[in-house]
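One structure is given below, encoded as structure tokens.
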Amino acid sequence: MRRAHRLLTVSLLISSTAIVTAAETGATAAQAGAMATHAESTATQAGVTATHAESTATQAGVTAAQAGSTAAQAGVTATHAGATATQAGPAQSPIAGGGAPPGSVISSSVAALPKELAGAATGRFVKYVTTDVRGERITATGLVLTPRTNRKDNVVVWAHGTTGLADRCAPSTHQDVFWPEARAAVAELLSRGWTVAAPDYPGLGTPQPHPYLIGASEGRSIIDSVRAARRLNPSLSAKYAIDGHSQGGQGALFANQLAPSYDGDLQLRGTAGIAPVSNVDVLAPQIPGTPGQGYLVMGVYGLSAVEPSFRPADVLAAPARQRAGVLETGCLTEILAAYAPLTATQLLNGGQLPDAWVAKLAHYDNPAQTAPSAPILIVQGTADEAVPAAVTDILVDQLDDYRPVRYDKLPGQTHDGAVFASTETVADWIADRLR
């Protein structure tokens, strides 16, 4: 009965005016006059412009064109790394590091860090080996940040929220998508003396398509980033923890499930998920016609990266296909802005994602399908515009069926505000787990 009540609540919330908004970067619909608040964004006369990464929405709603890339009139889509939506599927993942095991470091170099972090840590840009959902070895990238003072021997992973699908959306090499809330969270972790591994996730900065919201892919790259950090510094302990937001919160929960079978001699001590993506089978049918449609488009392409028979061209309507160039040239702000003006039928054929797609998304994306292996903290803002609190309520109920979960609900906090408001609480909780 409790789960049924949650589902009804979610449906009512999302069907109302403002639940699934473009809030991870602050891009919102112009007419409401809502402010874009992801980072340094300001409202303009025509409504709202999202300026997370130097992007602005045009007066009429937004064009889908960041680099002059437009789709042909026939509706052929642009995709990531040569994987076309109208063909049989994505390009094959490249084998990385020869026969090197997952977590092996392929290369590392000095990394420039955001100014908020440069004084607290040194950074290395790392290419390392991980495995994709087919079990093939691929290259992944990320940062390893080492605190300058008060250094301890533990690794804590920062698993970032959605940035986009293109290579330029890798936070390790493009600081404009190293979001302000991520910088605040990482700064707090560094202040505790922990080495921070910050993976980009497969396909962000590497040749293969980014399997957006495919949880096992994210989870493996998270675990392998810890292995890579320990190979750079063998004095680091096998004990580690994970702190993730949004997409990264989902990936963190998948890593928690995968750890017993995948992390070898590592010891996961706890996972914090802030507004983690979950229960997409509840969310996906409610998104068409809302400002958050870009998330659904990315989810469609993410699924096609691992299921070639699920082709975006089969479900996306012509106006949506014509905007697909933005997936190659832009990041989250531009993607949300490009798709926000479309109606449901301009987004999807028939205005809804077919049930088979929703079921397949749930199979790959929902992070409470198997038992977690370590303690979990879930943090959720009650005013979250991207991941509704009622959806996270369902997730916590599901996780509680396996083991008790600490659930901190933050009154009035938004999707990103929950990160800023919980940095110390999350770090305190992690410190208790690492003792």
Of these, Thr392, Thr414, Thr423, which one is within 20 Å of Gln247 (Cβ to Cβ) and not in a helix (DSSP H, G or I)? Thr414
Of the conditions (1) closer than 30 Å to Val196 by Cα; (2) surrounded by fewer than 24 Cβ atoms within 10 Å (Cβ to Cβ); (3) over 19 Å from the mean Cα position of the chain (by Cα); (4) not charged (D, E, K, R), Val306 fails just one. Which one is it? (3)
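Table: residues versus (1) under 11 Å from the mean Cα position of the chain (by Cα); (2) assigned to a helix (DSSP H, G or I).
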position	(1), (2)
Ala216	no, yes
Ala228	no, yes
Ala241	no, no
Gly244	yes, no
Gln250	yes, yes
Phe254	no, yes
Leu258	no, yes
Gly270	no, no
Single condition Phe310 does not satisfy, out of (1) assigned to a loop (DSSP other than H, G, I, E, B); (2) closer than 25 Å to Thr206 by Cβ; (3) in contact (Cβ under 8 Å) with a residue 60 or more places away in the chain: (3)
Could you tell me whether Pro207 is over 24 Å from Thr423 (Cα atoms), in a loop (DSSP other than H, G, I, E, B), over 21 Å from the mean Cα position of the chain (by Cα) and not small (Gly, Ala, Ser)? no
Considering only segment 313-348, state which residues are farther than 23 Å from Ile214 by Cβ and outside any loop (DSSP other than H, G, I, E, B). Ala318, Pro319, Gln322, Ala337, Ala344, Thr345, Gln346
How many residues are among the hydroxyl-bearing types (Ser, Thr, Tyr), in contact with a helix residue (DSSP H, G or I) (Cβ under 7 Å, 6 or more places away or on another chain) and farther than 23 Å from Asp167 by Cα if we restrict to segment 303-352? 1
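Kindly indicate the residue of segment 157-187 that is under 11 Å from Asp416 (Cβ atoms) and in contact with a Phe, Trp or Tyr (Cβ under 9 Å, 6 or more places away or on another chain) and also surrounded by the most Cβ atoms within 10 Å (Cβ to Cβ) among those meeting that condition.
Among those that are under 11 Å from Asp416 (Cβ atoms) and in contact with a Phe, Trp or Tyr (Cβ under 9 Å, 6 or more places away or on another chain), it is Gly161.
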Does Ala340 satisfy the criteria of being touching a residue at least 60 places away in the same chain (Cβ under 8 Å) and under 14 Å from Val277 (Cβ atoms)? no
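Would you pick out the residues in segment 190-204 that are under 17 Å from the mean Cα position of the chain (by Cα) and of a type in the set (Gly, Ala, Ser)?
Ala197, Ala198, Gly203
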Condition check for Arg269: modelled with pLDDT of 95 or more, surrounded by fewer than 24 Cβ atoms within 10 Å (Cβ to Cβ) and more than 20 Å from Ile106 (Cα to Cα): yes
Would you mind telling me which numbered condition in (1) under 15 Å from His160 (Cα atoms); (2) free of Cβ contacts under 8 Å to residues at least 60 places away in the same chain; (3) of a type in the set (A, V, I, L, M) Ala238 fails? (1)
So which pairs qualify, if the first residue must be in segment 365-376 and in contact (Cβ under 8 Å) with a residue 60 or more places away in the chain, the second must be aromatic (Phe, Trp, Tyr), the Cβ gap must be under 7 Å, and the two must be at least 6 apart or on different chains? Pro367/Phe254; Ala371/Tyr402; Pro372/Tyr402
If we ask which residues in segment 119-154 are of a type outside the set (Lys, Arg), closer than 21 Å to Ile214 by Cα and outside any strand (DSSP E or B), their number turns out to be 4
Every residue in segment 189-212 that is surrounded by fewer than 23 Cβ atoms within 10 Å (Cβ to Cβ) and within 30 Å of Asp428 (Cα to Cα), please. Ser191, Arg192, Gly193
Within segment 284-298, which residues are touching a residue at least 60 places away in the same chain (Cβ under 8 Å), buried (at least 24 other Cβ atoms within 10 Å of the Cβ) and touching a helix residue (DSSP H, G or I) at 6+ places or on another chain (Cβ under 6 Å)? Ile287, Gly294
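The values are calculated or read from the model by the stated rules, or taken from the named source; none is laboratory data. Treat the numbers as computed from the prediction; the structure is a model and nothing was measured. Cβ sites come from the backbone with ideal geometry, for glycine too, and all protein chains shown count toward neighbours.
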